[in-house]
Structures are given as structure tokens and as C-alpha cells.
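Here's the structure we're looking at; comments come further down.
Since every read-out is calculated from the coordinates, none of them should be taken as a lab result. Note that the structure is a prediction, hence the values are computed from the model and not measured. So basically every Cβ, Gly included, is an ideal-geometry build from the backbone, and we count neighbours across all protein chains shown.
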Amino acid sequence: MRKKIKPFSVLVIILVLALMIAACGSNSTNQSNNTTIRIGTKDFTENLIVGELYALALEDAGYHVERVPSIAGSVIHTSLVNNEIDMYPEYTGTGLLAVLKMDLITDPDEVYKTVKDEYEKQFQITWLNYSQANDGAGLVIRTDVSKKLGITTISDLQKHATELRFASQGEVDQREDGIPALERVYGKMNWKSSKVYDNSLKYTVLSNNEADVAPAYTTEGQLVNKDVFTLLEDDKRVWPPYNLAPVIQNTVLNANPNLAEIINKISAALDTDTITALNAKVDVDKEEYEDVAKAFYESIK
């Protein structure tokens, strides 16, 4: 004898079927979000923080993310071209000079347009919107010396070079976009003395009054301490801009059209002061970069 199906059982079956259909529809709608995006980062604090911000934003949108951290800067572009990663945070000046081997340009918009066009032609890679965060070359002076001698620009510095001790990092003295480029525009820097120190020691050397001036990158975390360190203005614009921007394979971007909007929101939230402060939390305050990135992401959601 067949058992009669009770009305309650029929209702349960209908509800289960409805949920299954809804789930299938949801999976179809969000299919692109099931894609795994491999995010690479270079092997220094700032790039790790920014890459983690990209990852958090994509995960928040439903994407699966594979983090590929601390890739050497010399090979990360090749990793992208060879489909070992899908995207990473790059710098417009690096793209122009180190990757494309093109002539120096100092206007940020022109640098961006140049690298965007050339990457598309040569590599089928897209530069998304660049941020106002500029991690470029610069010179830092002890604030007490800056105030004593009235030095706020590199032009001021050149006039007082004979009174100042330079803490070199060696490489910057030889690089085409380093001191040689500086001296072609500002004139010879006839330092009172010049001694080579490891880059990791330069702020200690300045703090200990063993030197007065050192090369710097414009978003280094130690620069938040303006009572001790002053970043000099490049008033003649010798150095190219190094604005942060995401670079991504065209195939990945075309398959995930909402990805650009998600990542561009991160870039829009970053400027030089903001990224310097984030770097300081890691390099000065010794917080974990993942924690710093998460706290900042939560503040801009």
C-alpha cells in the first residue's frame, strides 16, 4: 500500500526545491566572483600593505584571492607577463624607466598615459587608475639643520652643501635617476663629507647626528616624525613621479568587468601622507602589515 504524503511534507519539499533553485540562480549571477585572483606584491612594506588592501576589497566583493607576497622587484613584471600572477601594485616611474626603458618624464599625468598606452601595446596589461600616493626619490635632512640654515628645498640644499654631511647609500650616487640626475639640474653637490651607509641605517645615522642629509623615498614611515626629519621639496622637479597603481592582465580584467571599480576605490583612498602613515605603523610601530591594512580598509569601506 502506498503511504499518503502529508501536507506538511509537501510544504517542506517545495521549500527545499525553492532554495535549491535560488542557490543555482545566485551561483550563476555571481559566477565571476568565484574566480581566483592571484595578487602579487613586491618585497617591501608599502607594496605588501597595498596588495593586502586589494585582496581585502576583492574578498569583500566575493572573489577568491590567492596572495603571492614578497616577489623581488626585478622579476615581478615578468611574473605578471608569464601568467604567474594576475595583478600587483606598481609605480608609474618604475614602469616608465625600469620596465619600458624610456626617457625621463616628470609630469604625473604624462607618465601615467605613457605607461598605460605602452603596457597595453607591448604586454596586453592594463594600468588601472593611479593614486595620489607618490613613492618617489627624495632627500631628507635633519629638521634642526633645516631650521638653522633655512633649507626647505633642494635648491636651498645645494647652496649649503659644503656645510653638510651626506649619508650615501652608494647605489644612488651612480644611478641615472639618482644623484647624477639631481646634479645636472641643481648643480654639483660639494658635500662637506660623504660616507656610505646601509639604507636600513640612514634614519639612525641622522638621528645620532652622524650625518645631516640622506637619500629617501617620499613615503618612508620614519618621515611622519617631522620634528626630527624634513623631506626636502624637489622644486625643479628632477625626479619622475612614482604614483601607485594596480597593473592587471587584460584577460583577467575582461573576464571580471567589476574588478576595476573595486580596485580603483582603493587607489582613490591613498595619497602620500596616508601611505606614509600606514608604512609608519609597520616600520616604526612594528605592527603586522595585514593588521594595518585591515584596519585601514575597514575605515574606508
For the chain, averaging the sequence separation of alpha carbon pairs under 8 Å that lie six or more residues apart and dividing by its residue count, the contact order in percent is 26
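Evaluate E = 1/(1 + (r/R0)^6) for residue 233 and residue 102, where r is the Cβ-Cβ distance and R0 equals 22 Å; express this FRET efficiency to the nearest 0.05.
Details: r = 25 Å, r/R0 = 1.16.
With R0 = 22 Å, the Cβ-Cβ based efficiency is 0.30.
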Quote the charge dipole size of the chain about the Cα centre in Debye, to the nearest 20; the model charges only the Cβ of Lys and Arg (+1) and of Asp and Glu (-1). 1120
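Based on the Cβ-Cβ distance from residue 117 to residue 295, what FRET efficiency comes out when R0 is 25 Å, to the nearest 0.05? Mind showing how you got there, number by number?
Numbers: r = 36 Å, r/R0 = 1.46.
Rounded to the nearest 0.05, the efficiency is 0.10.
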With R₀ set to 35 angstrom, the calculated FRET efficiency between the beta-carbons of residue 262 and residue 175, to the nearest 0.05, is 0.45
Spin-label model distance (nm) - residue 109 vs residue 185, 7 Å beyond Cα toward Cβ: 1.9
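Note down the net charge around residue 64, summing +1 for each Lys or Arg and -1 for each Asp or Glu among other residues with Cβ under 14 Å from its Cβ. It would help to have the intermediate numbers written out before the result.
Values: positive: 38, 67; negative: 59, 60, 66, 86.
Neighbourhood net charge equals -2.
Which entries of 113/202; 121/236; 147/202; 236/286; 116/159 have Cα-Cα distances beyond 30 Å here? Write down the numbers at each step before the final one.
Values: 113/202 34 Å; 121/236 32 Å; 147/202 20 Å; 236/286 35 Å; 116/159 38 Å.
As for pairs spanning more than 30 Å Cα to Cα, those are 113/202; 121/236; 236/286; 116/159.
Sort 113, 188 by Cβ crowding within 10 Å, fewest neighbours at the top.
Values: 113 14, 188 11.
Fewest to most other Cβ atoms nearby, the residues stand as 188, 113.
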Checking 238, 115, 185 against a Gaussian network model of the chain (alpha-carbon springs below 10 Å), the top fluctuating residue turns out to be 185
Treat each spin label as a single point 7 Å out from the Cα along the C-beta direction, and report the residue 250 to residue 200 distance in nm. 4.2
Principal axis extents for the stretch 137-231, Cα atoms only, whole Å, descending order, please. 31, 27, 23
Kindly point out which whole DSSP H helices in the chain project their C-alpha atoms 27 angstrom or further along the helix axis while averaging a Kyte-Doolittle hydropathy of -0.5 or above. 7-29
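Show that you can apply the helix-only estimate: for the chain, add -39,500 (n - 2.57) for every DSSP H stretch of four or more residues, divide by all residues, and state [θ] at 222 nm to the nearest 500. Show your work: numbers first, answer last.
On the way: 13 runs with 133 residues, N = 301.
Rounded to the nearest 500, the figure is -13000 deg cm²/dmol.
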